[in-house]
Amino acid sequence: MDRASQVLAQPLPPNVPRTYAVLSERGNELAESRQYLTPEEEKALVKFVLLMSSLGHPVRIKFMRSLAFRIALRRSTNRPLKPPGPNWPRAFEKRHAELTARLVKAMDWKRHDSHIYNKVT
């Protein structure tokens with residue numbers, strides 16, 4: 001069953017009108033409650049990733065799963081946590097437009113001959 005059908009099948013409280021606007025808002029709440037990280041935790045992770053990138057150490061997308069798992073472990077819950085699924089980093093990247101994937105070029109090996117020799121001697 002797709003997400004839209006799940007939202008339409010959800011029961012509503014008796015005093016709430018059954019309109020598409022209400023169901024859509026309730027669907028967003030449902031989707032937000034099923035996210036691996038809370039919105040505050042996601043903001044913190046985005047801030048950390050952007051900081052690391054600005055310092056010249058971009059975070060690899062496959063490393064973001066372990067970062068999210070470490071953040072989730074800090075929550076005070078009694079149930080054991082599982083790491084996020086393999087598709088979680090891509091969905092996280094789609095939710096946060098400020099994160100853009102880019103290729104990092106390797107450093108040129110010939111750079112040492114012209115720049116470092118005079119500093120070492």
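The values are calculated or read from the model by the stated rules, or taken from the named source; none is laboratory data. It should be emphasised that the depicted structure is a prediction, and the values quoted were computed from it without experimental measurement. Here the Cβ positions follow ideal geometry from the backbone for every residue, glycine too, while neighbour counts run over all protein chains shown. Just so you know, the surface numbers come from the protein's heavy atoms only, side chains and all, with ligands and any DNA or RNA stripped out. Shrake-Rupley method; radii C 1.70, N 1.55, O 1.52, S 1.80 Å.
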In segment 40-55, is there at least one residue being open to solvent by less than 80 Å² (accessible area, probe 1.4 Å), modelled with pLDDT under 85 and not acidic (D, E)? no
Within segment 56-96, count every residue that is surrounded by 13 or more Cβ atoms within 10 Å (Cβ to Cβ) and hydroxyl-bearing (S, T, Y). 0
Every residue from segment 50-105 that is small (G, A, S), farther than 18 Å from P39 by Cα and not in a loop (DSSP other than H, G, I, E, B): S53, S54
